[in-house]
Amino acid sequence: MLNKNQSAANDAATKIPAKKDAAKELKDLFEDSLKDIYWAEKALVKALPKMQKNATDEKLKKAIGDHVVQTENQITRLEECFEALDKKPQAKKCEAMQGLLDEGDSIVEETEPGTVRDAGIIAASQKIEHYEIATYGTLAAFAKVLKEDKCLKNFLKTLEEEKKCDELLTSIADTNLNAKAL
């Protein structure tokens, strides 16, 4: 017999019908995800300079500036992947990245300039990096199964860059920035 909480969970858990243009095969999901991250990276290139301008820590400013250049290279790799698939590069709005960027804007608006804002920028940036790490890991797994070797190579290179960026942000936060934010 179900208790009240289980019954409420079952009521809330409804099957969602697929849209007419829903992915039917892994290749469809792969291509849709590629469009999603392409939009995300392009949006990030526009958002990063704002984060950099609002940061005060010099290491953080440099890390963000370096990541703009890196992200532009990642966009080029995504375009190479589209080309390998004989597809025109196409962006599809990534709601997840939009939410993360909105949260980053909110953190900047809700903190005073200085170490507290810098800590918030790092937190927002790491959430973005973690999303990208998850996305590129998934895309690499799909590319491997689909035998899309050019895409796989590009995704693995980008994945490594995103992990290094996350580690750099952690090291900047750990080098007394968070303690100074107290």
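Computed from the coordinates by the stated procedures, all read-outs in this text should not be read as laboratory data. Not measured: the values here are computed from a predicted model. Don't worry about glycine lacking a Cβ; one is built from the backbone with ideal geometry, like all the others, and counts go over all protein chains shown.
Of the residues screened, Leu85 is not one that is closer than 21 Å to Val45 by Cβ and of a type in the set (A, V, I, L, M, F, W, C). Somewhere in the range 75-94, is a residue of a type in the set (Val, Ile, Thr) and in contact (Cβ under 8 Å) with a residue 24 or more places away in the chain? Yes, that holds for at least one residue.
Kindly provide the set of residues from the range 132-151 that are outside any loop (DSSP other than H, G, I, E, B) and touching a residue at least 40 places away in the same chain (Cβ under 8 Å), ordered by number. Matches in the range 132-151: Glu132, Thr135, Tyr136, Thr138, Leu139, Phe142, Ala143, Val145, Leu146, Lys150, Cys151.
For (1) within 23 Å of Glu167 (Cβ to Cβ); (2) in contact with a Phe, Trp or Tyr (Cβ under 7 Å, 6 or more places away or on another chain); (3) small (Gly, Ala, Ser), each residue gets a yes or a no:
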| site | (1), (2), (3) |
| --- | --- |
| Tyr38 | no, no, no |
| Leu44 | yes, no, no |
| Ala47 | yes, no, yes |
| Cys81 | no, no, no |
| Glu95 | no, no, no |
| Gln98 | no, no, no |
| Asp105 | no, no, no |
| Asp118 | yes, no, no |
| Ala124 | yes, no, yes |
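Under the condition of being farther than 19 Å from Thr158 by Cα and of a type outside the set (Lys, Arg), the residues counted in the range 48-68 number 9. In this structure, Cys165 qualifies as within 30 Å of Lys87 (Cα to Cα), touching a His at 6+ places or on another chain (Cβ under 6 Å), touching a residue at least 24 places away in the same chain (Cβ under 8 Å) and surrounded by 15 or more Cβ atoms within 10 Å (Cβ to Cβ).
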